[in-house]
Structure formats: C-alpha cells, structure tokens
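Trainee: Can you read through this structure? Questions will come right after.
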Amino acid sequence: MPKMVNKDQVAGVAKQVKGSVKEAAGKATGNRQTQTRGMADKATGKVQKAYGDMKEKIKKAL
C-alpha cells in the first residue's frame, strides 16, 4: 500500500469512513436519506483519494 502523504489522500479516506458510518446508520434506522448521503460521501471520498494518489504519482514522476 502506498504511503499516504498528501491532504487529499487523507481527507478522501476520512470521507469514505464517514460515509460508511452514515450509510450503516441509515440502514440500521431505516433512514434512506442518511443512507444515501453516506453513499455519496463514500463516493466523494474515493474520488478525492484517487486525486491525491494521482498527485503523488505525478510528483514522483517529475
């Protein structure tokens, strides 16, 4: 696993975790809105982490 060093990678992972918690809470309580928001947070986190990963790859290539 690559070493996470930039803020986009860390923030992306944090959003994914937050989204997972929200999604699970929504499922447990039957609140579809919370569940959907959690799914959206997870997706946003994945995109942000991927952006951070790409920044690191570019930095290492230069």
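Trainee: All but one of (1) surrounded by fewer than 16 Cβ atoms within 10 Å (Cβ to Cβ); (2) at pLDDT below 95; (3) not in a loop (DSSP other than H, G, I, E, B) hold for Ala14; which doesn't?
Mentor: (2)
Trainee: Please go through segment 35-62 and pick out each residue that is farther than 14 Å from Ala25 by Cβ and over 10 Å from the mean Cα position of the chain (by Cα).
Mentor: Tyr51, Gly52, Asp53, Met54, Lys55, Glu56, Lys57, Ile58, Lys59, Lys60, Ala61, Leu62
The values are calculated or read from the model by the stated rules, or taken from the named source; none is laboratory data. Owing to the predicted nature of the structure, the values given are computational and were not obtained by experimental measurement. So basically every Cβ, Gly included, is an ideal-geometry build from the backbone, and we count neighbours across all protein chains shown.
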